[in-house]
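Read through the structure below, which is laid out as structure tokens, and then see the notes.
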Amino acid sequence: MTFDRQGILWDAINGRTPPSPAAELMAWTFRAVDPDAGTLEVGFALDERFTNPVGSIQGGFVAAMLDDTLGPALVATLESNQFAPTVSLNVQYLAPALPGEFVGYGRVVKKGREIAFLEGYLVDARGTTVATASATSVIRTLR
């Protein structure tokens, strides 16, 4: 599936460029997008290198997976000369995230000219929701 759009996210989705180094580290893979609805679905795969002393994925990596889900959901709705850094990310940890595969689901709740509100969740391979998140991003235009 390819998309006739321009920009960093679309280049990664269409295989024209690799994902960001952080996304590559977490084995970020594109699954589905609906720019009109502001929704995105992506996959991740994290192994034991990402665990804390009790064997769960360290919470910062769970937050990073959610940020790499919510941010691209918004970016998919923007013009190619726009970007949207996250200014606030609130994560609720619901269950231990054990090494393996994950799916992130993100959506744009509300988008204005300069600010957007996002939400999403992260599911493990067993179908358990391990975390939810809400975020605020500012929309910037490159000059």
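Rule-based calculations on the coordinates, nothing more; no lab input. A quick note: this is a predicted structure, and the numbers were derived from the prediction, not measured. All Cβ positions, glycine included, derive from the backbone under ideal geometry; neighbour counts span all protein chains shown.
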Practice task
Please give, to one decimal in nm, the separation of the simple spin-label points placed at residue 20 and residue 90, each 7 Å out from Cα toward the Cβ.
Solution key: 2.2
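Assign unit charges at the C-beta atoms only (+1 for Lys and Arg, -1 for Asp and Glu), then state the dipole size of the chain relative to its Cα centre in Debye, rounded to the nearest 20.
Details: 11 positive and 15 negative charges, 75 e Å.
Charge dipole, the chain, about its Cα centre: 360 debye, nearest 20.
In deg cm²/dmol, rounded to 500, what helix-only [θ] at 222 nm does the chain give when every DSSP H run of at least 4 residues adds -39500 (n - 2.57) and the total is split over its residues? Please list the in-between numbers first.
Values: 3 runs with 28 residues, N = 143.
The helix-only estimate for the chain comes to -5500 deg cm²/dmol at 222 nm.
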Completion exercise
Taking the chain, the equivalent ellipsoid from its C-alpha gyration tensor has semi-axes in Å, biggest first, of 25, 17, 13
